[in-house]
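Enquirer: One structure is given below, represented as C-alpha cells, and several questions about it will come after.
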Amino acid sequence: MKKQNNLRRSGAKIMASLILLLGSLAYMMILAVINGSLGFLSAMGVTVFGALGVAKALGEHIALSYSGIIGLAIGCGVLRGILRYFEQYSNHYIAFKLLAVLRDKIFAALRRLCPAKLESKEKGSIIAMLTSDIETLEVFYAHTISPICIAVLVSAAVLIFVGCVSSWYLSLVALIAYIMIGVVVPMFSSKTLKASGVRYRAEFASFNAYFLDSIKGVKDIVLNNAGEQRKKEVNERTDVLLKETKQMRHDTVKAAAFTELAVSLSIAAALIVGVLLVVKDVLTVGYMIVGVVTVFSSFGPVIAISTLPGNLTQTFASGDRVLNLLAEKPVAEPVKNGKTFDFEELNVEGLSFSYDGETQILRDIKMYAEKGEIIGIVGKSGCGKSTFLKLLLRFWQKDSGSIAYNGIDIDSIDGDNLLDNVTLVSQTTYLFDETIEENLRIAKPDATQKELENACKMASVHDFIMTLPNGYQTRTGALGDNLSAGEKQRIGLARAFLKGSQLILLDEPTSNVDSINEGIILKALKEQKQKKSIILVSHRESTMAIADRVYHIENGRIL
C-alpha cells in the first residue's frame, strides 16, 4: 500500500472537526479557558503588584498601601495555584473522556467497515491508530484548545490594562510582539514541522505494521532461517524512523529558537519604547516600570501558542488518520431493518466482481443450492473461490448479477438476519487467548455443555480436547499458539455446528488435517446435510466425494 505523506485536510479543518467532537463537553472546555485565563492573570498579578510597589516607592500616586500591595501579590500567587489545578483538571477530564469516545467511534467504524477493512494490509496501521494516534490527540484536547483561547483573552486584558494604566504606545509594542510570537513565527515554523510530522507518522505506522507481522510470523521466520534477513530489514526500518524522528526534533528545536529570539527582541523593544517615553516626558518612571513589567510577564500564553506547531504536526497527522477512518465508507453498506428469511434455497445468477474495478475476479457466475444439499466448489488457488463465499455473506459489494436467498436479493436482506442464517468457516480460525469453551461460546453464548461436546464430536475434535490437561477449560494461548493449525480449524468447524445456521460455507475445511481426520470430518458433514445446506470449497478433488453437485471455477468462471 502506498504511504500517505500528505494530509487530506488542512490543519484548520482538522482542528474544527476535532473541536466538534466535544459535543456536550464544551461547557468543561469553557470552564478550563476561564480558569486558565484567570490563572495567568493571577500569576502576572504577583509581578504587576510588585511593580506597583516600586512605582509607589518612586513617588507615584498609588491608592493601595504597601501592606495592601503585598497582600494582593500573595493572594494572586495562592489563587494562581488553585486556578491552575482546576484548569488542568478540566482539560484532562475532557481529554480522557473524549479519548474513550474516540476509541468507541473507531471500533464502531471498524465494525461497520469489516471484514473487508481487515483483509487489507493495514492491521498494524489500525493498531497504531488505536494506541499512539489516539494518545497524540490527548495533547490537542488537553494542551492546544485552551492555550489558544487563554492567549487571546490574556493578551486582550494586558493590552487594555497597559494602555489605561501606563501607555498605549507600550500596548502597541505588546500587540506587535503578540502577533509576531503567536502568529508569524508559528506560521513559518509549521510549514517545516508539518512535512516532517506527517512523514514521521507515516513511517511510524509502516514500522508498526511490519514489526507486528514479524512477531506474528516469528515461528515461520525461525523455521526458514530468515532471522538475520528479517533483523536486517527491521534495523533498516528503525534507522529510517530514527532519521525522521531526528529531523522532526531538529525542526522543533529550530522553531523554539526563533520563538526565543522573537521574545528577546520584543522585550528589548518594549524596554526601549518605555525609556524613550520617559525621556520625552510622556510617561513617568514609575508607570513606565508598571507597563514594561506587565508586558514582560505577559508572554507566557503566546509562547505556549508558538510552541504548538511542534505538537500540532503530530496532532494533525494523527487526527487526519482518525478522521479518515471515521469518514470511510464501507465497501458494502450495512442493511438495517431489511427483509428477513429462514434459509430454504440460494440462487446466484450472472454474478461478477472485481476488487479494483479493473481486474475481474468472478464473471457471470451461476449457482443453485437448496436445503439438504452439499454443494462443492473446486478450483485452483487464487481462482476466486474464497471471494465467492465472502460475496455470499455480503462482505464485499457485488458488481453485477444477483445473489438471492429464498428469492430475496442479498442487498435487501437485514445484515444480522443474513449472519444468523449463513455461517462461514474460513481457512484460518482465530482463537482468543481464552479457554476452548469460551472460544466455542462465541457462536452460541447460552449453549449447554452437551451442545458444546456434540458440536466438537461432529468436528472430530472432542477426543483431542479431552486429552488436554483441563479439557474444555484449557486455554488456547495468544493467537491459538498452543494448538496446531488443524486443531484450530476443527474448533472453527465446531463453532459453525454449534451456531446452528441453516447454510454453512466451508472454505478449505480439511486443508490442515490428515487424511484420517479429513474422512471423519467429511462423514460428519454428510450426516448434517439432512438438517442444513453446506457449500464446500476446496482445491482437493477428493473432498468433493460427499458433494451432491460440484461446480468448477476456472479463470473467474464456473464450468
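The values are calculated or read from the model by the stated rules, or taken from the named source; none is laboratory data. This one's a predicted model, so the numbers in the text were calculated from it and none came from an experiment. All Cβ positions, even for glycine, are placed from backbone atoms using ideal geometry, and neighbour counts span all protein chains on display. Side chains included, ligands, DNA and RNA excluded: accessible areas come from the protein's heavy atoms. Shrake-Rupley method; radii C 1.70, N 1.55, O 1.52, S 1.80 Å.
Enquirer: I'm told Ile19 meets every condition in (1) within 30 Å of Leu325 (Cβ to Cβ); (2) of a type outside the set (Gly, Ala, Ser); (3) touching a Cys at 6+ places or on another chain (Cβ under 9 Å) except one. Can you identify the failing condition by its number?
Expert: (3)
Enquirer: If you go through the range 287-297 one residue at a time, do you hit one that is in a loop (DSSP other than H, G, I, E, B) and either modelled with pLDDT of 90 or more or open to solvent by 10 Å² or more (accessible area, probe 1.4 Å) (or both)? Can you show your working first?
Expert: Filtering the range 287-297 down to residues in a loop (DSSP other than H, G, I, E, B) leaves 297.
Pick out the ones that are also either modelled with pLDDT of 90 or more or open to solvent by 10 Å² or more (accessible area, probe 1.4 Å) (or both) and you get 297.
Yes, the range 287-297 contains at least one residue that is in a loop (DSSP other than H, G, I, E, B) and either modelled with pLDDT of 90 or more or open to solvent by 10 Å² or more (accessible area, probe 1.4 Å) (or both).
Enquirer: What's the number of the condition Met544 fails, among (1) on the phi > 0 side of the Ramachandran plot; (2) crowded, with 19+ Cβ neighbours inside 10 Å?
Expert: All conditions pass for Met544, except number (1).
Enquirer: Given the criterion assigned to a helix (DSSP H, G or I) and open to solvent by 40 Å² or more (accessible area, probe 1.4 Å), identify the matching residue among Leu261, Leu241, Leu277.
Expert: Values: Leu241 fails: open to solvent by 40 Å² or more (accessible area, probe 1.4 Å); Leu277 fails: open to solvent by 40 Å² or more (accessible area, probe 1.4 Å).
The unique qualifying residue is Leu261.
Enquirer: Answer yes or no: is there a residue in the range 319-337 that is at positive phi, open to solvent by 20 Å² or more (accessible area, probe 1.4 Å) and in a loop (DSSP other than H, G, I, E, B). So that I can check it myself, show each step before the final result.
Expert: Of the residues in the range 319-337, the ones at positive phi are 337.
Restricting the remaining residues to those that are open to solvent by 20 Å² or more (accessible area, probe 1.4 Å) gives 337.
Next, only the ones that are in a loop (DSSP other than H, G, I, E, B) stay: 337.
Yes, there is a match, as at least one residue in the range 319-337 is at positive phi, open to solvent by 20 Å² or more (accessible area, probe 1.4 Å) and in a loop (DSSP other than H, G, I, E, B).
Enquirer: Among the helices (runs of 4 or more DSSP H) confined wholly to the range 86-169, which include 2 or more residues that are surrounded by fewer than 18 Cβ atoms within 10 Å (Cβ to Cβ) and at pLDDT 80 or above?
Expert: Working: elements: 123-128, 134-143, 145-165.
So the answer is 145-165.
Enquirer: Tally the residues that are of a type outside the set (Lys, Arg) and open to solvent by 50 Å² or more (accessible area, probe 1.4 Å), restricting the search to the range 49-85.
Expert: At the first step, the residues of the range 49-85 found to be of a type outside the set (Lys, Arg) are 49-55, 57-79, 81-83, 85.
Subsequent filtering for residues that are open to solvent by 50 Å² or more (accessible area, probe 1.4 Å) retains 54, 57-59, 61, 63-67, 70, 72, 74, 78-79, 82, 85.
Residues in the range 49-85 being of a type outside the set (Lys, Arg) and open to solvent by 50 Å² or more (accessible area, probe 1.4 Å): 17 in total.
Residues are listed down the side, and each one gets a yes or a no for (1) open to solvent by less than 40 Å² (accessible area, probe 1.4 Å); (2) in a helix (DSSP H, G or I); (3) of a type in the set (A, V, I, L, M, F, W, C):
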| site | (1), (2), (3) |
| --- | --- |
| Gly182 | yes, yes, no |
| Pro186 | yes, yes, no |
| Ser189 | yes, yes, no |
| Leu193 | yes, yes, yes |
| Arg201 | yes, yes, no |
| Ala205 | yes, yes, yes |
| Phe211 | no, yes, yes |
| Asp220 | no, yes, no |
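Enquirer: (1) of a type outside the set (Gly, Ala, Ser); (2) touching a Ser or Thr at 6+ places or on another chain (Cβ under 7 Å); (3) without any contact (Cβ under 8 Å) to a residue 24 or more places away in the chain: which one isn't true of Ile70, the others all being true?
Expert: (2)
Enquirer: Out of (1) closer than 30 Å to Ser400 by Cβ; (2) surrounded by 15 or more Cβ atoms within 10 Å (Cβ to Cβ); (3) not polar (S, T, N, Q), the odd one out for Glu554 is which?
Expert: (2)
Enquirer: Going by the conditions given, is Leu20 surrounded by 14 or more Cβ atoms within 10 Å (Cβ to Cβ) and at negative phi? Give the steps one after another, and end with the answer.
Expert: Numbers: surrounded by 14 or more Cβ atoms within 10 Å (Cβ to Cβ): no; at negative phi: yes.
No, not satisfied.
Enquirer: Out of curiosity, is Gly197 in contact with a helix residue (DSSP H, G or I) (Cβ under 8 Å, 6 or more places away or on another chain), surrounded by 16 or more Cβ atoms within 10 Å (Cβ to Cβ), within 24 Å of Ser132 (Cα to Cα) and in contact (Cβ under 8 Å) with a residue 24 or more places away in the chain? Break it down into steps so the answer makes sense when it comes.
Expert: Working: in contact with a helix residue (DSSP H, G or I) (Cβ under 8 Å, 6 or more places away or on another chain): yes; surrounded by 16 or more Cβ atoms within 10 Å (Cβ to Cβ): yes; within 24 Å of Ser132 (Cα to Cα): yes; in contact (Cβ under 8 Å) with a residue 24 or more places away in the chain: yes.
In short, yes.
Enquirer: Gly401 - would you say it is closer than 22 Å to Ser352 by Cα, over 36 Å from the mean Cα position of the chain (by Cα) and touching a residue at least 40 places away in the same chain (Cβ under 8 Å)?
Expert: Working: closer than 22 Å to Ser352 by Cα: yes; over 36 Å from the mean Cα position of the chain (by Cα): no; touching a residue at least 40 places away in the same chain (Cβ under 8 Å): yes.
Taking the combined requirement at face value, the residue does not satisfy it.
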